[in-house]
Structure formats: structure tokens, C-alpha cells
1. Taking neighbour counts of Cβ atoms within 10 Å as a proxy for exposure, in what order, fewest first, do Ser76, Ser120 appear?
2. Residue-wise, which Karplus ³J(HN,Hα) couplings in Hz belong to region 35-44, taking 6.51 cos²θ - 1.76 cosθ + 1.60, θ = phi - 60°, and x for glycine or proline?
3. Ranking request for peptides 171-179, 271-279, 79-87: highest mean number of other beta-carbon atoms within 10 Å first, then the rest in descending order.
4. Can you put Trp233, Trp242 in order, fewest other beta carbons within 10 Å first?
5. Sort 99-107, 327-335 by the packing proxy (mean of other Cβ within 10 Å over each peptide's residues), most packed first.
6. Taking the Cβ of Asn95 as the center, what net charge do the other residues with Cβ under 13 Å away carry, scoring Lys and Arg +1 and Asp and Glu -1?
Amino acid sequence: MKRIILFLLLHINFSCFSQQAEIAKISKQIHSGKFIGLKKLSKYLDSEKILIEKVHNYTFERKEKSAAIEILRENSLFLPDELIIDSNLNATKFNLFLKENSRKITYCQLSNSFLITPLSDRKVDYQLKKLAKKELESLRDNQYYFENYFWISITVKKLIVENNPECLKSIAAYLYKNRNLNSYIFDEDESIELLKKLTNIDLAIPNVEGKINYILDYNNFDDAAKLNHLNYWVNHFKDYEWNSSLNMFVNKIKKASEPSIESLLIEKLTSGNDSTAIDAFTKLSTGDTLEVIKLSEQYENNIIYNRSLPIFAFEFLPQMARLVQYCRDNEVDFQISIELKKILLKLQNNTLTFVQ
């Protein structure tokens, strides 16, 4: 009896891991751009069998159908009117889709995904803004430049050296293709900063919620934003040409807007003049809340500010900006009158009389 139980357990384990190996093999074929992989995957869209997957030291259980849907989502960019990939997709629907569109479906090397509508035909809303002088200097002073970025291929490095604008879409492609890799293998910050160094622009594109945001908070740069980011560069890299005198690519079609008032005030926080730095800090606390929060996160570890400012200035600024916004929204007067300010200055200078 014990032998029978042992045999059954071994058989079940072998079957489960055999299934995992087969799906993993199909996933690899799809990821490498082989159309046959899509055909092989279709049968799993009807499977309710439990798949046991082991990642590092963790074991997960899910239905084979769920695994198949995830593989499709990760490796395709079909538009909603072409194919909806959700729990309602089954083998019959998918096989019919593949049959009807076999000549239209192509594999895009830039995004490592199957698609029908090419990225060059997908338009995206965007905004361009010039980098503040201090930010551009900090980026260019960074000792780690693209020669040290191991994730950039020799071909793309050559494009950069030759000042070929095609390097811009290639760098953006790395950001999307490597979206699921950890920072030890691929550093998102490096790719975004490299594009900034080469163009002196900050690019705003829609995120998963459809809100157009500038790429400042790398951790919240979602997959939809990364795809829109790639779409922009695929459609607009030809708008840029190399300017030898400025040592950067310049957009010859659309002029980028100037840095925000808050960006310019940030630079003044490094001033050697205490009054200038304090005045800038005060104005920032009453500036655009979202802009102040973004800039504070970006510059927190990148600049050395005047010592007259509060310790942990970039942690205080966002909180002050939120408080000021709350006061504005609720019509709370948060600014002192001119008369009270004069009295406080006298008190500070010990010139206030007892009667006053």
C-alpha cells in the first residue's frame, strides 16, 4: 500500500512539473518571436488543470488557463478591437483569431511582442519640458555614462557615438522590454536619465489612468506609461537632430516648454546667500503642490542645499505644500499680515517695547 501511495505521489509531482516545463518552453518560444508558440499555447486557454510553479524558493498554484492568459498579455500588444485578452478568451476564439490574422500578426523587436497595428501607427499624447539647468548639470556630471551601461548593446552604443537619433527609440525600447527585470539586471533610472542627457527634455506621457505625467517617480512608472513612452520615441525620434554646439539632440519640430517656476526655485536652494535660499524655500512651500512633491522626490539625494534651511528640507517641503493646499481648499488664512510681520521682526531684533 505504501508503495502504491509513493508511486502516485511521484506520478502527480512528475506530471505537475512536466506541465510547468511544457508551458515554460512554449512561453520561451513566444518570447523569442516564434508564431508556432501562439498556436501551441491555445490549448491551455481551455485547461482547468492546476499548474504548480516554482520561483526561487516559493511554490505557486494556479490554473493553466490563467498562466496562458498571463503569457499572452506579457508578450502581445493587440489593440482591444483586435483581441481582448481576459478570462473569456478560449482556445476556439484564439485559434480563429490566429487563422484570420496570420498574415497580419508580426513580431516587434522593439517591444518584444506580437502585434497587428505597428507602434509607428499608434499616436500618443505628450508634453515636452526643458530640464532645469541644475538638473541637467547633475545628470551630465554623473561619472557613469552609457559606456558603463552593460544593458546597452554594441549596436546602440554605436548609434549614440554617431549621434544617430535612432538611438533614442532604442533606449526607450530597453525600458519597455525589460520592465519585469529587477534592478540588478536592468536599471530603469539609467535609461530615463540617458534620454534626458541626450535631449535636455523631460517627457510627459499618459499612465495607466490616462493622466499625463512627467517621468520623475521611476517606481510609479507603470507598464502603460512605459509603452506610451516607447510609442512617443518610435513616432518622434526623427524629429530630433544632433546639435554639435549644444552637444545634444534638439527637437526641430516642437519646442519644449521652459522649466516650471518651482524648478527654478529648487536651484536657488543651493545658493550661498541665506536670504536667497530661505526665500526660495518659502515660495516653494506655497507653489504648485504636485510639482513641489515631484521635485522634492527627485532632488532629495541629488543636491546640497543651503545650511540655513531646515534639516531634511526635501521631506518637509512636500508636507508644507500639502498643508498649504489644504488651507487654500478650505479657505484657511495661512499667511500673516504685513503688520504682524513687522511686529515679529521687531521681536526678533529685540526692538519691541513692553507696551507694544
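Just so it is clear, none of the values below were taken in a lab; they were calculated from the coordinates. Just so we're clear, the structure is a prediction, and the values are computed from it rather than from any experiment. Note that we place each Cβ from the backbone using ideal geometry, even for glycine, and neighbour counts take in every protein chain shown.
1. Ser120, Ser76
2. 4, 4, x, 5, 5, 5, 6, 4, 4, 6
3. So the peptides 171-179, 271-279, 79-87, ranked by packing, come out 171-179, 271-279, 79-87.
4. Details: Trp233 27, Trp242 14.
Fewest-to-most Cβ neighbours within 10 Å comes out as Trp242, Trp233.
5. Details: 99-107: 12.0, 327-335: 9.6.
Taking the mean over residues of other Cβ atoms within 10 Å, the ranking is 99-107, 327-335.
6. Neighbourhood net charge equals +3.
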